[in-house]
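Asks: Have a look at this one.
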Amino acid sequence: MKKRPDKIAIVGGGISGLSAAYYLNKKAPHIKCDLYEKNDHLGGNIQTRTEHGFVYETGPDAFLHKPIMQEIIEELGLTLETIETIAENRISYIVKKGKLAKIPPGFYLMGPAKLLPFMFSPALSLSTKVRTLLEPFVPRQEIKDESLAAFVTRRFGKGNLEEITQAMIGGIYTADPKTLSLQSTLPKFIEYERKYGSVLRGLQKEVFDNNTRGPQYNKFRSFKSGMQTLIDSFENQLSTTSVLKNHFVTSIEKYNDQWKLHVNNQSAIYDYVIIALPAKAIGNTCHFLPSRSKQLLSSIEFASAIIMHFGFEKKQLDQRIHAMGMIVPHREQKSILASTFCSQKFPHRASDDRVLLRVFMGGAMQEDICQECDKTLFHLAKTDLREILGYKGDPIYQNIIRWPHAMPQYKVGHQNRVSQFFESVRNFEEICFLGNSFSGVGIPDLIQKSKDTIEGLLA
């Protein structure tokens with residue numbers, strides 16, 4: 001960029017655009033900034049709602065406690081509002097043949113960092129456990145980008161993929177493991193193979209030695225009143241930013257040495273534009289992009305997701321509910337992908353005599369189910385929950401939230417396509433692109449990227 005801008009537009013008020021506005025307001029309050037959001041709220045799918053005494057999230061219900069989040073919490077004065085997962089419930093289940101089995105302590109996404117609990121775990125078949133432990137004897141290969149399915153099958157065997165890893169990792173990204181890029185999602189495992197010649201040796205050296213015990217439940221955080229607290233706190237800090245909700249940016253075009261935004265049948269001129277939209281929306285809005293750039297954007301696919309909540313009286317469920325939740329492998333042929341036991345994961349989500357469950361459906365492997373009506377989806381979800389958890393009676397509360405084409409799919413070759421896209425737009429010095437279409441589905445990663453972008457802009 002040739003000169004520091006006097007007027008900046010941020011298009012998209014999700015977590016990427018909102019945090020970019022926060023850092024711009026914090027580091028350069030003299031710069032005029034307008035934040036455009038087409039909906040009546042900021043934060044994208046991060047919203048907290050309260051109904052009938054249940055506190056639930058429409059999107060992510062937690063964040064990993066990375067350094068950037070500690071920094072943000074302190075800056076926003078949210079230390080006393082931050083909560084951890086309930087310590088005594090820091091276990092989770094996997095569904096095996098329709099029944100719950102505890103995920104073995106020390107199991108980390110695709111392999112065990114602790115061998116003894118893994119060998120005695122009922123969650124996996126004997127043949128899968130034996131093949132998994134033979135992983136250190138598998139020859140090392142140098143493959144730059146590989147699907148999750150190919151990598152896990154090569155290193156640990158097909159049983160490991162089908163019995164646990166597909167549900168653990170594929171569920172995080174609502175992805176098909178046959179197409180999910182390991183390089184774009186979990187490059188650390190590629191590094192383990194390269195550095196140690198074995199994923200298990202890498203886990204035991206870098207995970208077990210760091211006193212990590214499998215799923216890092218102790219590192220998950222939320223807020224007493226829900227994730228909406230973070231969004232509201234960000235928005236309250238935008239003292240020098242014009243927050244323009246219900247403002248739909250229909251197009252962005254070059255205008256002499258500046259940029260013209262067409263918004264709600266009006267237009268505005270800016271020196272610099274930060275675009276924090278999904279890939280498809282970028283292609284539809286940025287008319288100045290070369291055809292090659294638009295082709296690369298259109299190659300980034302998205303899956304749909306459905307979130308459902310069910311409220312129960314605690315007496316309707318048995319004691320197995322005292323856990324973070326459960327995951328459901330695709331091989332179980334259930335309609336649900338996973339369930340979070342919300343009121344057992346975090347306090348302040350339901351009264352002491354009630355339980356709130358959160359259920360996930362859809363994703364890349366069950367895209368068709370998202371076309372079903374609400375009544376059918378409620379029936380399918382409750383049938384699965386009843387078979388697995390054995391609850392009595394009917395839920396006292398239920399809701400459904402649909403997120404069509406909301407989950408980016410980082411397919412094999414994703415990083416290469418993203419690199420090509422940014423190369424194709426490098427001559428547009430006054431335009432910046434943010435968002436999870438390119439990298440990072442986690443809140444901390446998206447906030448860190450926004451911070452780095454603003455610091456680079458102002459450098």
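The values are calculated or read from the model by the stated rules, or taken from the named source; none is laboratory data. Keep in mind the model is a prediction, meaning the values are calculated, not measured. Note: ideal-geometry Cβ built from the backbone for every residue, glycine included; neighbour counts use all protein chains shown.
Asks: Condition first: out of contact with any Phe, Trp or Tyr (no Cβ under 7 Å at 6 or more places or on another chain), closer than 30 Å to Thr285 by Cβ, modelled with pLDDT of 95 or more and surrounded by 15 or more Cβ atoms within 10 Å (Cβ to Cβ). Can you find one or more residues in the stretch 370-391 that meet it?
Replies: Yes, the stretch 370-391 contains at least one residue that is out of contact with any Phe, Trp or Tyr (no Cβ under 7 Å at 6 or more places or on another chain), closer than 30 Å to Thr285 by Cβ, modelled with pLDDT of 95 or more and surrounded by 15 or more Cβ atoms within 10 Å (Cβ to Cβ).
Asks: Mind counting the residues in the stretch 39-83 that are under 14 Å from the mean Cα position of the chain (by Cα) and free of Cβ contacts under 8 Å to residues at least 40 places away in the same chain?
Replies: Total satisfying the criteria: 1.
Asks: Another question, then. Considering only the stretch 388-397, state which residues are over 15 Å from Val55 (Cβ atoms) and of a type outside the set (A, V, I, L, M, F, W, C).
Replies: Those that are over 15 Å from Val55 (Cβ atoms) and of a type outside the set (A, V, I, L, M, F, W, C): Gly390, Tyr391, Lys392, Gly393, Asp394, Pro395.
Asks: Also, I was wondering about something else. Please determine, by comparing only the residues of the stretch 149-188 that are among the basic types (Lys, Arg) and in contact with a helix residue (DSSP H, G or I) (Cβ under 9 Å, 6 or more places away or on another chain), which one is farthest from Ala303 (Cα to Cα).
Replies: Selected residue: Arg155.
Asks: Continuing with the same structure: Could you tell me whether His405 is at positive phi and under 18 Å from the mean Cα position of the chain (by Cα)?
Replies: Against the criterion (at positive phi and under 18 Å from the mean Cα position of the chain (by Cα)), His405 qualifies.
Asks: Turning to a different aspect of this structure: Please find, within the stretch 274-312, the residue that is surrounded by the most Cβ atoms within 10 Å (Cβ to Cβ) out of those that are free of Cβ contacts under 8 Å to residues at least 12 places away in the same chain and closer than 15 Å to Val425 by Cα.
Replies: Taking the candidates together, the pick is Lys294.
Asks: Restricting to the stretch 392-406, what's the tally of residues that are of a type in the set (Phe, Trp, Tyr), touching a Phe, Trp or Tyr at 6+ places or on another chain (Cβ under 9 Å) and crowded, with 18+ Cβ neighbours inside 10 Å?
Replies: Total meeting the criteria: 0.
Asks: With a cut-off of at least 1 residues that are without any contact (Cβ under 8 Å) to a residue 60 or more places away in the chain and under 27 Å from Asp61 (Cβ atoms), name the helices (runs of 4 or more DSSP H) lying wholly within the stretch 357-459.
Replies: Qualifying helices (runs of 4 or more DSSP H): 374-389, 443-458.
Asks: Continuing with this model, one more query. Answer yes or no as to whether Arg131 is farther than 22 Å from Asp384 by Cβ, of a type in the set (Lys, Arg), in contact (Cβ under 8 Å) with a residue 24 or more places away in the chain and assigned to a loop (DSSP other than H, G, I, E, B).
Replies: no
Asks: Return yes or no: is Lys129 under 25 Å from the mean Cα position of the chain (by Cα) and either farther than 23 Å from Thr185 by Cβ or surrounded by 22 or more Cβ atoms within 10 Å (Cβ to Cβ) (or both)?
Replies: Spelling it out, it is not the case that Lys129 is under 25 Å from the mean Cα position of the chain (by Cα) and either farther than 23 Å from Thr185 by Cβ or surrounded by 22 or more Cβ atoms within 10 Å (Cβ to Cβ) (or both).
Asks: What single numbered condition from (1) in contact with a helix residue (DSSP H, G or I) (Cβ under 6 Å, 6 or more places away or on another chain); (2) among the hydrophobic types (A, V, I, L, M, F, W, C); (3) closer than 30 Å to Ile68 by Cα fails to hold for Val138?
Replies: So the condition that Val138 fails would be (3).
Asks: State whether the residues of the stretch 188-198 include one that is of a type outside the set (Phe, Trp, Tyr) and within 17 Å of Leu64 (Cβ to Cβ). Give the derivation first.
Replies: As a first pass, look at the stretch 188-198 and keep what is of a type outside the set (Phe, Trp, Tyr): 188, 190-191, 193-195, 197-198.
Narrowing further to those that are within 17 Å of Leu64 (Cβ to Cβ): 188.
Yes.
Asks: Can you tell me how many residues within the stretch 15-37 are in a loop (DSSP other than H, G, I, E, B) and either more than 13 Å from Val243 (Cβ to Cβ) or touching a Leu at 6+ places or on another chain (Cβ under 6 Å) (or both)?
Replies: The number of residues fulfilling the criteria is 4.
Asks: Among the residues of the stretch 339-353, are any in a helix (DSSP H, G or I) and either under 18 Å from the mean Cα position of the chain (by Cα) or surrounded by fewer than 20 Cβ atoms within 10 Å (Cβ to Cβ) (or both)?
Replies: There is at least one residue in the stretch 339-353 that is in a helix (DSSP H, G or I) and either under 18 Å from the mean Cα position of the chain (by Cα) or surrounded by fewer than 20 Cβ atoms within 10 Å (Cβ to Cβ) (or both).
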